[in-house]
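Beneath this line is the structure, given in structure tokens, with notes to follow.
Where a number appears in this text, it was derived from the coordinates with a stated rule and is not lab data. Small disclaimer: the values here were computed from a predicted structure and weren't measured. Glycine also receives a Cβ, built like all others from the backbone with ideal geometry; neighbour counts cover every protein chain displayed.
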């Protein structure tokens with residue numbers, strides 16, 4: 001899964017004020033597949049409505065996961081990406097496909113930060129990662145700034161869906177410490193995150209924070225004590 005950006009619509013370096021917010025879809029999320037063990041790839045489908053915003057350093061790659069479980073949503077594809085179509089800020093959007101990526105459900109916001117700080121002053125959430133465990137539970141990790149009023153630094157948060165992405169549990173922090181912004185912008189991190197599920201169904205998020213004074217990769221274990229259900 002890759003984001004193909006429309007160079008004629010990028011708002012990079014056009015300013016950080018509300019007037020410079022992206023106001024139209026400026027990218028297409030393309031889903032590719034291979035049927036020959038990776039020797040070649042072909043376009044499977046597209047999500048043709050993505051709003052990538054370059055005013056703040058929140059641009060990140062989308063994330064894709066496949067349900068390989070024996071649960072009720074086996075074979076469903078899940079996609080998440082950072083999107084700025086609402087409230088002039090970046091939120092985490094989600095969609096799913098029942099037909100191997102050819103068509104996609106209407107995107108919905110899954111980052112559950114509902115507070116508003118005014119135009120161009122809301123929390124910019126970013127770096128989503130998605131995975132599905134053996135029980136068909138969909139896990140989601142992202143970098144969240146609801147507790148970072150200056151939109152610098154972040155907390156990693158996790159949420160899960162038990163019904164194939166139709167609804168989501170209330171998100172929780174997975175870290176005991178945030179990533180705190182420093183005067184050296186090169187050390188402000190945020191370009192790496194990931195999520196995986198092991199054979200036992202436990203989720204393992206990974207993120208960057210600088211609690212030791214040095215940006216390092218951290219991980220935790222997240223257990224969702226439920227299985228997917230319709």
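With springs only between Cα atoms under 10 Å, which of 214, 152, 31 fluctuates most in a Gaussian network model of the chain?
Comparing 214, 152, 31 in the GNM, the peak value goes to 214.
Is the shape of the chain rounded, prolate or oblate, going by the alpha carbon gyration tensor and its root eigenvalues a ≥ b ≥ c, with a/c under 1.5 for rounded and a/b larger than b/c for prolate?
It comes out oblate by the Cα gyration axes.
Please compute the contact order of the chain in relative form: average sequence separation of alpha-carbon pairs under 8 Å and at least six residues apart, divided by the residue count, as a percent.
Over the chain, the number comes to 14 percent.
Give me the one-decimal nm value for the distance between modelled label points at residue 199 and residue 70, 7 Å along each residue's Cα-to-Cβ direction.
1.6
If r is the Cβ-Cβ distance from residue 46 to residue 150 and R0 is 41 Å, what FRET efficiency results, to the nearest 0.05?
Approximately 0.70, to the nearest 0.05.
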